[in-house]
Every structure is written in C-alpha cells, then in structure tokens.
Amino acid sequence: MSGIDDLPPLRAVIAEHGLSAKKSLGQNFLLDLNLTAKIARQAGDLSACDVLEVGPGPGGLTRGLLAQGARRVLAVEKDARCLPALEEIAERHPGRLEVVNADALSLDPLAHLTPPIRIVANLPYNVGTELLTRWLDPGHWPPFWNSLTLMFQKEVAQRIVAPPGGKAYGRLAILSQWRSDARIVMEIPPEAFTPPPKIRSAVVHITALPEPRFPAPAKTLFALTAAAFGQRRKMLRASLRSLDPEIEERLRSVGIAPTRRAEELSLEEFCALARALDRG
Ligand code: SAM
C-alpha cells in the first residue's frame, strides 16, 4: 500500500516490471507518491478536466493525478516495458485511465480527450522543449489546453519565466509569456528521482490567456525573436538586418534605439516591432 492508493509502492513496481532506467528516453523516475500527488495538485482542480500526461513511466504521477480526482487521464508512453504497470493502474480506476504506447510527438490528443484539457507531465528532457514549443505555438489561439503543469530542468524553467535583462531571457520567455501566465511552483531535488539526475528540476505552471498580452503577428514575432536572440550579443541593427534591410528605420519608428540588444527589449517592444515589420 502506498498512502495515496492501494497499489504497491513505486520501488516495488519498478523492480517487479524490470524498469531499469534508459538514458536515451530521458528516464528519471519519481519514487515518492506524496510528491507526485503534490505535483498533481499544482495543476488545480482536475475533477472537471481531462488530463494529458506525457511519459508516465511506472505511473507515479499518473497515480497522483487520479488520486487528485482527474476526470480522465490519457497517458502516452513510448517505452512498451512500462505498459503492464500502467495497465494495473487502469484496472483500479475503471474508465478513467487510457494508456497509449506512442511517441507523444506524433499523437493527436484531441482524438482521445474532451476539453477542458490540462497537460501535466514530468517531461523527458530530450523532447521537453520541442513539446512545449508546439503547445505554445499551436497555429491558433486559444489552444486546445487550459493549463500546462510541467517538470523541466531548473535552467529551462528559469528561461520560461525569465524577465528582460538577464541571460535566461530569450525566445522561450517570449513564447511562454506572450499568451500565457507562467510561474515556477515547485523545485525538486535530484534525490527525489531514480536514478538521480545531475541537475535540479522545477515544475512550471502555465495558464493560457484568452488573448495575447499585446497584439502581434505570431509568425513574425517568432521569426523576430529567433533572429534577435540568435545573435544576442549583437546590436539589433545588426542581428535583425536579415529580416529587413531598412531595420534601423523600422526600429526607430517604434521608439527602439538600433543600438539596443535583444535581452533589453520588453515583450511589448517585441510585439510593437513585429507589427511594424508586418506593415512593411
Ligand atoms: N512520469 C514518470 C515519473 O515522473 O516518474 C517518468 C518521467 S521520465 C522523466 C520521462 C518518461 O517519458 C519516460 O517514461 C520515457 O520513457 C517517456 N518518454 C520519452 N520520450 C517519449 C516520447 N517521445 N513520447 C512519450 N513518452 C516518452
């Protein structure tokens, strides 16, 4: 018995199913079910929501989500070795857990889930930022999800919530903060995992805003931030020249000195510049 449900403790599940961690799949498993329940609580009230969980592994967070009352959970796991352990959880929660053996990068969650949808995951490091980028730039807004509660390396979490002016501020901050609220809600030490990773981890909670904070054409804004932060040490008149030969004019037209650098620009200024670039 484990404290949050009547299934065996995670250490026993991992041993019984021979789930030795594979580095290639970013496998660091959480062992403490009180901790996984705490992470699930950060996602808010789950009772009226479907939840997408990417990479359930032996199911620690999955059990936390179910214990917190999630209406339904879709758990997408690439490693087929984890399926028997996950099926045992599904049997204890009839109709509430669907397990899919797939690569999360090629799965359409809407074929399985009904809105409102929250995404909660201890993401595999090798696909974490790719998935986050897709969820934050889905092609139309508002997106299919209401909130994202995601564990990352602490350094990535800091880049998501970074304010202007520091090294952590970059493309990921703009992408996350333009149309969402993002905050770090928990830090997790390496000892919480098996095997313990070399880095600290943090949980970020992101809620989708109904509208962007400032109007801007998404494609231009993201091309602009990629160019500006791609050469972040350069002045904007140099880093952005490839986007517009008249870039100095364009910068001045929105009150930005061409000698400034990417990390000094606020989100509002990036949006104003993206609009000016689109006006041509
Ligand atoms: N949720 C578990 C926990 O907290 O203990 C495991 C987290 S572990 C960091 C990441 C999990 O993602 C592993 O189970 C791994 O097999 C799975 N995974 C890796 N790449 C994946 C992908 N592309 N699609 C779905 N699952 C993936």
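The values are calculated or read from the model by the stated rules, or taken from the named source; none is laboratory data. What you see is a predicted model; the values in this text were computed from it and never measured. Here the Cβ positions follow ideal geometry from the backbone for every residue, glycine too, while neighbour counts run over all protein chains shown. Please note that ligands, DNA and RNA were not included when accessible areas were found on the heavy atoms of the full protein model with its side chains. Shrake-Rupley method; radii C 1.70, N 1.55, O 1.52, S 1.80 Å.
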Subject >> Any helices (runs of 4 or more DSSP H) falling wholly within the stretch 9-76 and containing at least 2 residues that are at negative phi, open to solvent by 10 Å² or more (accessible area, probe 1.4 Å) and away from the ligand (no atom under 11 Å from the Cβ) >> reply: 10-16, 33-42
Original post:
Which residue pairs have Cβ atoms under 8 Å apart, sit 6 or more places apart or on different chains, and have a first residue in the stretch 261-280 that is of a type in the set (Gly, Ala, Ser) and a second that is surrounded by fewer than 16 Cβ atoms within 10 Å (Cβ to Cβ) and in a helix (DSSP H, G or I)?
Top reply: 276/253
Subject >> Pick from the stretch 95-118, criterion in a strand (DSSP E or B) and touching a Lys or Arg at 6+ places or on another chain (Cβ under 8 Å), ranking: nearest to the ligand (Cβ to nearest atom) >> reply: 101
**OP:** Please indicate, with yes or no, whether at least one residue in the stretch 151-171 is within 13 Å of the ligand (Cβ to nearest atom) and open to solvent by 40 Å² or more (accessible area, probe 1.4 Å).
**Re:** yes
Original post:
Checking residue 160 against (1) under 16 Å from the mean Cα position of the chain (by Cα); (2) within 17 Å of residue 78 (Cβ to Cβ); (3) free of Cβ contacts under 8 Å to residues at least 60 places away in the same chain, which test does it fail?
Top reply: (2)
